[in-house]
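Step one of this worksheet: look at the structure below.
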4 protein chains.
Amino acid sequence: MRFFSDNAAAACPEAVAAIAAANRLDTAYDGDSWSARLDDAFSDLFETKVTSLWVSTGTAANALALAALCPPYGSIVCHRDAHIQNDECGAPEFYTNGAKLLLGEGEGAKLTPGAVTALLDTVRDDVHQTQPAALSITNATEYGLVYTAEETAALGELARERGLGFHVDGARFANAVVSTGDSPAALTWRAGVDALSFGFVKNGGISAEALIFFGEEHRQATLYRRKRAGHLLSKGRYLAAQLLAMIEDGVWLRNAGSANDSAARLAEAAGPERLLLPVEANEIFLKVRPDEARKLRDLGFDFYDWGPGEARLVTAWDSDPAHVDALAAAIRAL
Amino acid sequence: MRFFSDNAAAACPEAVAAIAAANRLDTAYDGDSWSARLDDAFSDLFETKVTSLWVSTGTAANALALAALCPPYGSIVCHRDAHIQNDECGAPEFYTNGAKLLLGEGEGAKLTPGAVTALLDTVRDDVHQTQPAALSITNATEYGLVYTAEETAALGELARERGLGFHVDGARFANAVVSTGDSPAALTWRAGVDALSFGFVKNGGISAEALIFFGEEHRQATLYRRKRAGHLLSKGRYLAAQLLAMIEDGVWLRNAGSANDSAARLAEAAGPERLLLPVEANEIFLKVRPDEARKLRDLGFDFYDWGPGEARLVTAWDSDPAHVDALAAAIRAL
Amino acid sequence: MRFFSDNAAAACPEAVAAIAAANRLDTAYDGDSWSARLDDAFSDLFETKVTSLWVSTGTAANALALAALCPPYGSIVCHRDAHIQNDECGAPEFYTNGAKLLLGEGEGAKLTPGAVTALLDTVRDDVHQTQPAALSITNATEYGLVYTAEETAALGELARERGLGFHVDGARFANAVVSTGDSPAALTWRAGVDALSFGFVKNGGISAEALIFFGEEHRQATLYRRKRAGHLLSKGRYLAAQLLAMIEDGVWLRNAGSANDSAARLAEAAGPERLLLPVEANEIFLKVRPDEARKLRDLGFDFYDWGPGEARLVTAWDSDPAHVDALAAAIRAL
Amino acid sequence: MRFFSDNAAAACPEAVAAIAAANRLDTAYDGDSWSARLDDAFSDLFETKVTSLWVSTGTAANALALAALCPPYGSIVCHRDAHIQNDECGAPEFYTNGAKLLLGEGEGAKLTPGAVTALLDTVRDDVHQTQPAALSITNATEYGLVYTAEETAALGELARERGLGFHVDGARFANAVVSTGDSPAALTWRAGVDALSFGFVKNGGISAEALIFFGEEHRQATLYRRKRAGHLLSKGRYLAAQLLAMIEDGVWLRNAGSANDSAARLAEAAGPERLLLPVEANEIFLKVRPDEARKLRDLGFDFYDWGPGEARLVTAWDSDPAHVDALAAAIRAL
């Protein structure tokens, strides 16, 4: 009974079926009929004209977005616990050709305008320092918190004032949409977001993520960057088909809803005393003594130790309700 | 009836089935049970211990290989018509951090020891010029010729003498193996090859290519490079499973054999007068007048114009025998 | 009696005196009073408002200019024999983060609109190829030819039509100005040039070159790029002072005139039969048999062998008239 | 009376004289007779065989050193207040092609083995994080503290244990040598240091810094890197001559001694209450109220405000004793 990562989950049937359905001769790269529908499909979803590109990983989406928003001699404001800082082996630095990440503070990997301002104010406006060019947040955060549309808009306004491009790492964007009840538009361009890494793999996809730019400005350069990074698959239709299958019938929302619900049930079982952070998406951070952790593992539950006396549990679109119930009961019984 | 690219072909049933078969929860990234079997499976195939990494594209495989073999201040000898020079939008330059490609001559995109030596001899051994660090050939070439084991070994010996790493872009390596009758080992490490981009997508895969290093030397660095390039998929098992499905039962050889056979039938129909180059793999380059090209298109055949009075036809693992017969007849009838 | 490189010459007295004159406490980096005068001094010289930056080498000037004009996924058209291709160990690739150089043909390292057009026409307009973004010529060329204002303007018009930034490597710009009799303005911005590497070191400077942009567009980014490349000297006044000393009293023209005159005398001595190329600046390429070369060396003349039966002689601002006379006589006597 | 930066000081007479003395024709780049003596001269100074390269700036020296010690997918441990982090506009990231800086804590910009260990222990040993490859300290630090030979050796031992290359940014290395009384050897290779950026410009040079590697390992690659970074001056003799003039007669020690003495006098005048940090080299950090700072400025003293209620004063090799006395008196009188 695995609760250690939504990355480890299976793919949802709609994604698998899409592979089979796309399995016929078509034009190569992104010239196929599935890829041709992407911009319209995502434009509908976001209620505005977007530029959309499929890529194979969230790291590629993030790094391409940041390379579009930040020059080599710029810097990117993000949280100290951001995935782009801690889990991408320097992909942002590689793709931007050496921009710096400026690391901000905030509980649950969440930035506030105050935290961003404090960080920006440490930078001297001279040629000896890389100048902030982009702000990147993760929604839902690496610690399972969400930014509401309003919170995002406050950061977006700050970004605009300070001349920063605004990127959202949405590896779990679906979970944030479901959790906040805010629309995709409200959580992005209406809040001043320029680029979104829209995650599908953690949410039931096989190998397709979407990089969304709100507007046309970064389209051309990013098409070239994607190619030279080796992310233009020759049979791109299998990626496009996955994305279409997951957004066109609301699969992405259903999947994320299921994961969030499972997490909520575990959170309820844990209770406020045991929770390190509120559970707003599909990650649960628990206080557990070593003997408690052992007990859970003895019962067959897999999860990560997160720190001394801490555990991370992650639910997924396909978390087995029986497993969730069993885990909830086990947590209650600790 | 499309003969314009093997990239446009469908995926073979074994690859599609592999996706479904791998569709269960497992460890993320390359920690899964399919990825764990890769090194052994490829080591068997190559009759030596290899390091193997899945990636999504041949461009990524090539660029990672070259980054392993060539420092930023080095240069890479390749043919003027090489894919790494003409079709990867500078991926080798991006991944190596700015190495130069030195462009050699030779019919049918094929390098000889003489051509390589001539090129190397143009380089001054001083700090003002990037020094040759790698040799890269494509087998089968971009023009459908193959290097035999013996020809490869002659280049490998030269590479060793001149201190060059030796890379083979094997986007159509399967076609070369079938065409030459030489073993994978004979065409690679026994001939002095250090790294192979082993192509599966043109040969019936969906989205998985293999980067093979002969030995352990470049493993660790390349794992980091793959990650920071955004090519470590979180559900890597779907790539590993495709590769295993295609090599473990000889599917890769059967597919390539079928493509080569189709090409041979078209070559025979064309006859030596009409062929621009010998047909040794699955590409056919024809002399065709504009009116002849139009006639073929009017009959429903798709292909690329390659130059004035030239056409490129590519067969694939799934070229329909009836279409091949029809095209052969049409060529004969020109 | 050395005629092998103007790089080997001494520095002119005005440059040396400038070091001493600048040797007092002032603001660091480019905040000093000499650096503050640069833009005005060069704007006067070029009869338009320019952005000027001192750097220590022509390679830095070239690479910074190209990084301003060409994105990482672009390419730079230049001559096959250009310094940026052959003598900078990949500096353009390093600074641009991996742009490609497209190598054109033409006698004496000189490009024509026809040669550039031919090269541009080989590039497919698709995402698989880096797209031409800049044109770079060297004036005077690596083979001592010059581009007149008219010739430059023809290339400038082509550059504009094709959307290319236009860079001039002017390591020997002074020699070209003197040789053509065209004004600095006519040879640059009036001819469509965006950026000039204005060489002083070969012309009698110690360690200062100027990077000139015509207009403000690239100023800010290039200031950052210069710093992060380690080219913002903390005592920049010693560079600025050299440049000012050499342009404010016409020293740069006098020095180049002297070098050109010396070369002209050698060319006259050689006669058309023996010259491989016309002598238009301060380089002379001669046909000399090995025994003739040996004879010249026995007489105490230093120069480079350039190819079988070829020699390169370079005059400098300080070529000793007696040495020039002696060499002229020796060439006549061959 | 300027006390705001040793970068703003004049050059010492020996350095200026060296320019004039080197002002004759010689071989270009680093083929001249001054450059040829560098390795021996520095090897004598360090009592071991070293590789030495002149460069124009400390930023270039630092970035080249780090590129030698750290791969693109590695990280560099340094202090949060290190020059390489705060004052080089991302030069380390540019030269290493995107390595990360890991920022440690410690008073006065000084790292301890404990601080470094704490930082290293935050890094997971997996492919998702850049792995520490180098340790860089600044001696004297950006806050004017020094590392003794013993302190350096403790860090060197840690570096060796953890497989890290060890770099010292010695922009003010001379001040550290004088202050500690330890030998250049004891402060570097005997303490496990692999590379030293040996500063001369702050200490009375014009435009020459030395990059020292202890051993041969990084020589070849760094020669290429220097060239492609545009740091191989064509008349390198003017740099080599400065360095030789400053080390061959102990000028560097005399200059640094003078600067340190001036600082010590100011520190004594200030007294422990007013000093933010001990004064161990040539920088003094004072607690001063705004009205006190104004009073000093009204008396004609220039210096930087460093933070609220803080001021930085820097002495130089040429600080006028009368100015130092005046400032000491003024501080006493506050």
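The values are calculated or read from the model by the stated rules, or taken from the named source; none is laboratory data. Predicted model, so just to flag it, every value in this text is computed and none were measured. Please note: Cβ atoms are built from the backbone with ideal geometry, for glycine as well, and neighbour counts cover all protein chains shown. Quick note on the areas: whole protein, heavy atoms, side chains included, nothing else; ligands and nucleic acids left out. Shrake-Rupley method; radii C 1.70, N 1.55, O 1.52, S 1.80 Å.
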If labels are modelled 7 Å from Cα along the Cβ direction, A:PHE4 lies from its partners in the other copies at nm distances, smallest first, of 4.7, 5.8, 6.5
Mean other chain Cβ within 10 Å across A:203-216 is 2
CD proxy, 222 nm, chain C: helix-only mean residue ellipticity via -39,500 (n - 2.57) per DSSP H run with n ≥ 4, per residue, nearest 500, stands at -12500 deg cm²/dmol
For B:THR222, the accessible surface traced by a 1.4 Å probe with all protein chains present amounts, in square angstrom to the nearest 10, to 0
Listed by chain and number, the lysines with an alpha carbon less than 24 angstrom from that of C:LYS295, same-chain partners under 8 positions apart left out, are C:LYS287
With every protein chain in place, the accessible area of C:THR180 for a 1.4 Å probe, in Å² rounded to the nearest 10, comes to 40
Going residue by residue through the range D:308-318, the Karplus relation 6.51 cos²θ - 1.76 cosθ + 1.60 with θ = phi - 60° gives ³J(HN,Hα) values, rounded to whole Hz and with x marking Gly or Pro, of x, x, 10, 9, 10, 10, 10, 9, 9, 4, 10
Hull volume per residue for the range D:6-92, using the convex hull of the C-alpha atoms, in Å³ is 162
Rounded to the nearest 10 Å², the 1.4 Å probe accessible area of B:GLU105 is 100
Distances in nm between the label point of B:PRO278 (7 Å along Cα→Cβ) and its equivalents in the other copies, shortest first, are 4.9, 7.3, 7.9
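Set the bar at 21 Å for Cα to Cα. Now go through A:LYS100/C:LYS227; A:LYS227/B:LYS202; A:LYS227/B:LYS100; A:LYS100/C:LYS100; B:LYS100/B:LYS202; C:LYS110/C:LYS227 and name every pair that lies beyond it. Spell out each step's value before the answer.
Values: A:LYS100/C:LYS227 15 Å; A:LYS227/B:LYS202 17 Å; A:LYS227/B:LYS100 18 Å; A:LYS100/C:LYS100 25 Å; B:LYS100/B:LYS202 27 Å; C:LYS110/C:LYS227 33 Å.
A:LYS100/C:LYS100; B:LYS100/B:LYS202; C:LYS110/C:LYS227, as the Cα separations exceed 21 Å there.
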Inter-copy distances for C:ASP249, nm, shortest first, label points 7 Å along Cα→Cβ, are 2.9, 8.6, 8.9
Kirkwood calc, chain D, C-alpha pairs only, radius in angstrom 20.3
Accessible-area loss of at least 50 Å² in the complex relative to the chain alone (1.4 Å probe) applies, within the range A:124-172, to A:VAL127, A:HIS128
With a ≥ b ≥ c from the Cα gyration tensor eigenvalues, square-rooted, and the rule rounded for a/c under 1.5, otherwise prolate when a/b > b/c and oblate otherwise, the range B:167-227 is oblate
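Quick check on the range A:186-265: take the gyration tensor over C-alpha atoms, sort the square-rooted eigenvalues as a ≥ b ≥ c, and tell me if it's rounded (a/c under 1.5), prolate or oblate.
Numbers: a/c = 2.47, a/b = 1.40, b/c = 1.76.
The shape class here is oblate.
Counting only protein heavy atoms and using a 1.4 Å probe, what share of the accessible area of chain B belongs to carbon plus sulfur, as a whole percent? Spell out each step's value before the answer.
Values: 5440 of 10720 Å².
Roughly 51 percent, rounded to a whole number.
Need one value for B:16-28: mean number of C-beta atoms belonging to other chains within 10 Å of its residues' C-beta atoms. Spell out each step's value before the answer.
On the way: counts 6, 1, 0, 9, 6, 0, 4, 9, 5, 11, 4, 6, 8.
So the per-residue partner count for this stretch is 5.
Mind checking the per residue accessible area of the protein assembly as shown for me, 1.4 Å probe, whole number of Å²?
Values: 42820 Å² over 1336 residues.
Here the residues of the protein assembly as shown average 32 Å² of exposed surface.
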For the range A:131-230 the trypsin sites (Lys or Arg not before Pro) that pass both the DSSP coil test and the at-most-16 other-Cβ-within-10 Å test are A:ARG162
Taking every residue of A:40-53, the Cβ atoms of other protein chains inside 10 Å of its Cβ average out to 0
For the range B:70-113 the residues that are at least 30 Å² less accessible with all protein chains than alone, 1.4 Å probe, are B:PRO72, B:TYR73, B:GLN85, B:ASN86, B:ASP87, B:CYS89, B:GLU93, B:PHE94, B:TYR95, B:ASN97, B:GLY98, B:LYS100
Using alpha carbon centers only, the range D:65-119 is separated from the range A:304-324 by a whole-angstrom value of 35
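Buried accessible area for the B:A pair, summed, 1.4 Å probe, in Å² rounded to 100? Could the numbers behind the result be given before it?
Values: alone 14040 and 14030 Å², together 24160 Å².
Using a 1.4 Å probe on protein heavy atoms, the buried area is about 3900 Å².
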Semi-axes of the range C:73-205 from the Cα gyration tensor (sqrt of 5 times each eigenvalue, largest first, whole Å) come to 23, 17, 13
Binned at 10 Å starting from 0, the alpha-carbon pair-distance distribution of the range B:115-175 in whole percents comes out as 21, 48, 25, 6, 0
With the 8 Å Cα cutoff and a minimum separation of six or more residues, chain A has a relative contact order in percent of 24
When every protein chain stays in place and a 1.4 Å probe is rolled, A:GLU310, B:GLU273 sorted by accessible area with the largest first are B:GLU273, A:GLU310
Per its Cα gyration tensor (rounded if a/c is under 1.5, else prolate when a/b beats b/c, else oblate), the protein assembly as shown is best filed as oblate
